[in-house]
């Protein structure tokens with residue numbers, strides 16, 4: 001059995017750690033409230049943008065445009081949205097698992113890192129080609145940041161450096177539920193879009209989806225304008241969702257750590273009392289034995 005001094009020292013150490021986890025929980029709670037409000041206020045716009053673009057493409061018919069056709073490159077660009085700090089439970093590891101279990105060849109994957117933890121974890125697993133690091137923007141993402149990243153990724157796609165674009169991030173459902181998602185952004189196949197639209201639509205919408213859409217002035221100019229906005233909207237929406245998810249995950253992790261510390265403190269308190277009682281009993285036994293020896 002550990003001595004009373006060791007138990008007391010360990011209990012003091014855990015109490016200090018508990019104070020840190022309590023403080024981190026409070027900080028994460030405040031940040032979560034702000035991030036959640038931001039995510040909820042912007043969610044309607046970005047959902048509408050996503051639905052509108054998908055609906056337009058499903059009705060556009062066959063369009064010969066570089067954004068909608070695969071190129072010859074076997075490289076796959078993945079925009080990985082994680083955090084710059086740990087202590088957030090499985091928040092970062094869940095995003096990494098999406099990629100490692102997605103059937104991608106590590107040699108063909110090119111990482112656009114938004115958050116250092118994801119890039120570090122993927123590097124340990126052999127996905128080491130980070131072509132761009134935007135880790136600093138996840139602390140306070142803006143629409144301009146999303147536009148800059150979207151522009152670079154689109155340029156890499158149209159130049160043939162990458163053949164497909166994916167986005168890995170965490171969707172904020174509510175305070176306790178955060179869902180990792182892997183989305184294919186480009187190339188946008190009209191057939192795939194039509195199928196996904198019809199799967200989610202009712203009978204009336206399915207019939208409407210068969211009606212072709214006409215573009216003015218022409219299809220190419222419309223796609224050149226719409227796809228960059230689509231990319232920027234999706235990226236910015238993912239960033240604000242990820243920030244809310246990160247703070248929610250960290251709040252839960254720190255809450256669990258605080259509760260675990262409390263249980264450990266109670267257990268150590270019980271062990272300390274037992275050790276103290278044992279020491280007192282031993283001292284009394286020694287006194288009695290000494291008194292009997294002198295009698």
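The values are calculated or read from the model by the stated rules, or taken from the named source; none is laboratory data. Just so you know, these numbers come straight off a predicted model, no measurement behind them. Cβ coordinates were reconstructed from backbone atoms using ideal geometry, including for glycine residues, and neighbour counts include every protein chain displayed.
General observations
- Number of positions in the stretch 225-261 that are over 30 Å from residue 93 (Cβ atoms) and either crowded, with 23+ Cβ neighbours inside 10 Å or touching a residue at least 12 places away in the same chain (Cβ under 8 Å) (or both): 4
- Within the stretch 156-176, tally of residues that are surrounded by 19 or more Cβ atoms within 10 Å (Cβ to Cβ) and either farther than 16 Å from residue 231 by Cβ or over 23 Å from the mean Cα position of the chain (by Cα) (or both): 5
Conditions (1) out of contact with any strand residue (DSSP E or B) (no Cβ under 8 Å at 6 or more places or on another chain); (2) in contact (Cβ under 8 Å) with a residue 12 or more places away in the chain, marked per residue:
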site: 51; (1), (2): yes, no
site: 58; (1), (2): yes, yes
site: 70; (1), (2): no, yes
site: 74; (1), (2): yes, yes
site: 88; (1), (2): yes, yes
site: 102; (1), (2): no, yes
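- Screening residue 84 on (1) in contact with a strand residue (DSSP E or B) (Cβ under 7 Å, 6 or more places away or on another chain); (2) within 20 Å of residue 252 (Cα to Cα) shows it passes everything except condition (1).
- Residues that are in a helix (DSSP H, G or I), farther than 25 Å from residue 73 by Cβ and in contact with a helix residue (DSSP H, G or I) (Cβ under 8 Å, 6 or more places away or on another chain) within the stretch 83-120 comprise 91, 92, 93, 116, 117, listed in sequence order.
- Leading residue by the ranking (modelled with the highest pLDDT) among those in the stretch 123-133 that are touching a helix residue (DSSP H, G or I) at 6+ places or on another chain (Cβ under 6 Å) and either under 21 Å from residue 186 (Cβ atoms) or part of a helix (DSSP H, G or I) (or both): 130
- Any hit, the stretch 27-42, residues being surrounded by fewer than 19 Cβ atoms within 10 Å (Cβ to Cβ) and on the phi > 0 side of the Ramachandran plot: no
- Residue 97 meets all of the listed conditions (1) touching a residue at least 12 places away in the same chain (Cβ under 8 Å); (2) farther than 30 Å from residue 22 by Cα; (3) surrounded by fewer than 20 Cβ atoms within 10 Å (Cβ to Cβ) but one, namely (2).
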